[in-house]
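*Asks:* Please see the structure below; I have some questions.
Throughout, read-outs are computed from the coordinates displayed, never taken from laboratory work. Because the structure is a prediction, the values reported are computed rather than measured. Cβ sites come from the backbone with ideal geometry, for glycine too, and all protein chains shown count toward neighbours.
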Amino acid sequence: MKKPSQIFSTKERAEIKNAISIAESKTSGEIVPVVVTSSGRYDRSEDIVGIIIALIALSIYWCFFQLPVQNGWSITDTVNPVLWPVLLIIIMAFIAGTILATRLPVLRLLFISKTEMKEEVERSALETFQRQRIRATRDGTGILIYLSLYEQMVCVIGDDAINSKVEPDDWQSICDIITKGMKDNKPESALVDAITQSGDLLTRHFPVGDDDQNELANELILIDN
């Protein structure tokens, strides 16, 4: 899976930066786009993969390491495992499974619900909103455009002043722009279009003032986590 820094070239980052500057030139709002590799660790799904691998390994041991036992007039094959190899197989296979799930994130997707991913994306987006000091703008007019690649989800968060005037459907339309652009393999143009629409939306409610200052850097923030 590609990380954000591998997806956006230097030229594309410059174009996104320019789009932010143009959008903010018409509004007192601040637009902060952030792209992260993943929003959650999903340890539970890694553990599930580890358990499945451990069960498979134990089943193989159970099937192929049977000892012949005299049972009356006949000899039958029955499983008579020694305890320590069983424990060792379970532990080693479980560790190997969790490492495999870490190295191959697609395996984890099989055991992560959409609800869990949505909750993780929203939680991480809120943390990013605080960490990037978007709430610290003078008039409470900052917005975060948050894209999480692993979950393939987008979250837009506005500060208090913006949320009092902007409808949730407006944020959803911005999310839809990015989602479509990612499906079309056009991440840069998708973010540019989303930033432009965000600027138009903010301009209607928060036009630029005479004393307006650029409070947050006009940069695309990439987090390779």
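*Asks:* What is the residue count in the range 45-57 for residues that are buried (at least 18 other Cβ atoms within 10 Å of the Cβ) and more than 12 Å from A96 (Cβ to Cβ)?
*Replies:* Of the residues in that region, 2 qualify.
*Asks:* Going by what's in this entry, would D184 be described as exposed (fewer than 13 other Cβ atoms within 10 Å of the Cβ) and more than 20 Å from the chain's Cα centre (by Cα)?
*Replies:* Criteria not met by D184.
*Asks:* Cβ-Cβ distance below 7 Å, separation of 6 or more or different chains: which pairs start in the range 110-123 with a residue that is closer than 12 Å to M153 by Cα and end on one that is not aliphatic (A, V, I, L, M) and not in a loop (DSSP other than H, G, I, E, B)?
*Replies:* V121/S148; V121/C155; E122/C155
*Asks:* Which residues, taken from the range 127-174, are in contact (Cβ under 8 Å) with a residue 40 or more places away in the chain, of a type in the set (S, T, N, Q) and under 18 Å from N225 (Cβ atoms)?
*Replies:* Within the range 127-174, T128, Q132, S148 meet the criteria.
*Asks:* Filter the range 5-26 down to the residues that are of a type outside the set (A, V, I, L, M, F, W, C) and in contact with a helix residue (DSSP H, G or I) (Cβ under 9 Å, 6 or more places away or on another chain) and list them by number.
*Replies:* S9, K11, E12, R13, E15, N18, E24, S25, K26, listed by residue number.
*Asks:* Filter the range 10-64 down to the residues that are under 22 Å from I162 (Cβ atoms), in a helix (DSSP H, G or I) and of a type in the set (D, E, K, R) and list them by number.
*Replies:* K17, E24
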